[in-house]
Amino acid sequence: MSNDPRAIQNATATATDNAPSGGRLRADAPCPCGGALPATSPRGDREGKSPTLPPRYADCCGRYIDRGDSAPSALELMRSRYTAYTLNAFDYLRATWDPATCPADLGADDHADHDIDRHTRRRDANPDHGVTPRWLGLDIRSHWIDDDTHQRVEFVARYKVGGRAHRLHEISRFSLAHVSDDRAAPRWRYIDGDLLES
Ligand SMILES: [Zn+2]
């Protein structure tokens, strides 16, 4: 990839088009999450804007999806799960989802829309199921630290299904817990979320 910023920006919009199903992005591809940051930090002071240019995938979500690094907070984990959706990386989505709430058939077929329908509880409202969604971008609204092992992230993810644009606006809950087969440090995992109308 060129180092020309314009080329990077142009590539952002089409990064997901270049990702093979279930595959990964090149290390120097712009990260699909865009490095999104909340406007307000957990302590209430301004945290700054999201970067104008997205970080490299290898420096952002690729650390967690491909290298197995532990996300330092629910914020990084949420971004990496968004990126995993753009990559159809269901193994990563399952590994970062509380087993008590993770759908048993997550990614069981190639139609990621089934999972999104379930995730958004919009199956009845979405006549376009059967077409894989195209993720368009992520905005992080808020990041709350509730206690040492519980955090929440409010986000808006935009996607298209069958040519129609949709918005997923959710407050997701995350917990820091030991993974059953992991004797190392505990890891952040997604529990569930509340949908917001916006
Ligand atoms: Zn990222």
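The single condition from (1) at pLDDT below 90; (2) closer than 12 Å to Ala74 by Cα that Asp110 fails is (2). Each residue in segment 75-107 was checked for being out of contact with any Lys or Arg (no Cβ under 6 Å at 6 or more places or on another chain), away from the ligand (no atom under 11 Å from the Cβ) and among the polar types (S, T, N, Q), and 2 pass.
Residue pairs whose Cβ atoms lie under 7 Å apart, sitting 6 or more positions apart in sequence or on different chains, and linking a residue in segment 51-71 that is more than 14 Å from Thr83 (Cα to Cα) to a partner that is more than 8 Å from the ligand (Cβ to nearest atom), are Leu53/Pro5; Leu53/Ile8; Leu53/Gln9; Asp69/Arg63; Ser70/Ala185; Ser70/Arg187. Counting only residues that are in contact with an Asp or Glu (Cβ under 9 Å, 6 or more places away or on another chain) and in a loop (DSSP other than H, G, I, E, B), segment 53-68 holds 2 of them.
Being surrounded by 17 or more Cβ atoms within 10 Å (Cβ to Cβ), among the acidic types (Asp, Glu) and at pLDDT below 95 is a property that holds for Asp117. Kindly indicate whether Gly44 is modelled with pLDDT under 75, out of contact with any helix residue (DSSP H, G or I) (no Cβ under 9 Å at 6 or more places or on another chain) and either assigned to a helix (DSSP H, G or I) or under 15 Å from Tyr85 (Cβ atoms) (or both). So Gly44 fails the test. When Arg183 is tested against (1) in a strand (DSSP E or B); (2) free of Cβ contacts under 8 Å to residues at least 60 places away in the same chain, exactly one condition is not met: (1).
The values are calculated or read from the model by the stated rules, or taken from the named source; none is laboratory data. Everything numeric in this text was worked out from a predicted model, so none of it was measured. Here Cβ is always computed from backbone atoms with ideal geometry, including for glycine, and neighbour counts include all displayed protein chains.
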